[in-house]
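The values are calculated or read from the model by the stated rules, or taken from the named source; none is laboratory data. Just so it is clear, the structure is predicted and the values come from calculations on it, not from any experiment. Note that each Cβ is placed from the backbone with ideal geometry, even for glycine, and that neighbours are counted across all protein chains shown.
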């Protein structure tokens, strides 16, 4: 029984360690949606997620579209699944996630 539990523990640790998740660390300043987040998302995600292409099934060109998909955006960029080109830096990921964690204000 101990050997089984130890095996499960080691396996779960190994699976967790293999995932390349981004680490999010926010300070007190909330990133500006209009000045920072929107231009970042348009630049890094807009090639596929726009009103004429929306390859991912949705457009990310304005506040309503972005906040309507904020959970998916958060999960996908933290898991480093999107964008497929991996063009988001850790700073970009941190900025978007901190803005979402702050309640995704339209600031």
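Any idea how many residues of segment 50-85 are touching a residue at least 40 places away in the same chain (Cβ under 8 Å) and under 19 Å from residue 102 (Cβ atoms)?
From segment 50-85, those touching a residue at least 40 places away in the same chain (Cβ under 8 Å) are 63, 77-80; that's our starting set.
Keeping just the survivors that are under 19 Å from residue 102 (Cβ atoms) gives 63, 77-78.
So the answer is 3.
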In segment 36-91, anything within 15 Å of the chain's Cα centre (by Cα), at negative phi, assigned to a loop (DSSP other than H, G, I, E, B) and surrounded by 14 or more Cβ atoms within 10 Å (Cβ to Cβ) is listed as 46, 49, 56, 60, 69, 82, 83, 88
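Taking the residues in segment 13-25 that are in a loop (DSSP other than H, G, I, E, B) and farther than 15 Å from residue 70 by Cβ as candidates, determine which candidate is modelled with the highest pLDDT. Can you show your working first?
Of segment 13-25, the ones in a loop (DSSP other than H, G, I, E, B) are 19-25.
Narrowing the set further to residues that are farther than 15 Å from residue 70 by Cβ leaves 19-23, 25.
Working: 19: 40, 20: 51, 21: 63, 22: 69, 23: 77, 25: 87.
So, considering only residues that are in a loop (DSSP other than H, G, I, E, B) and farther than 15 Å from residue 70 by Cβ, the one modelled with the highest pLDDT is 25.
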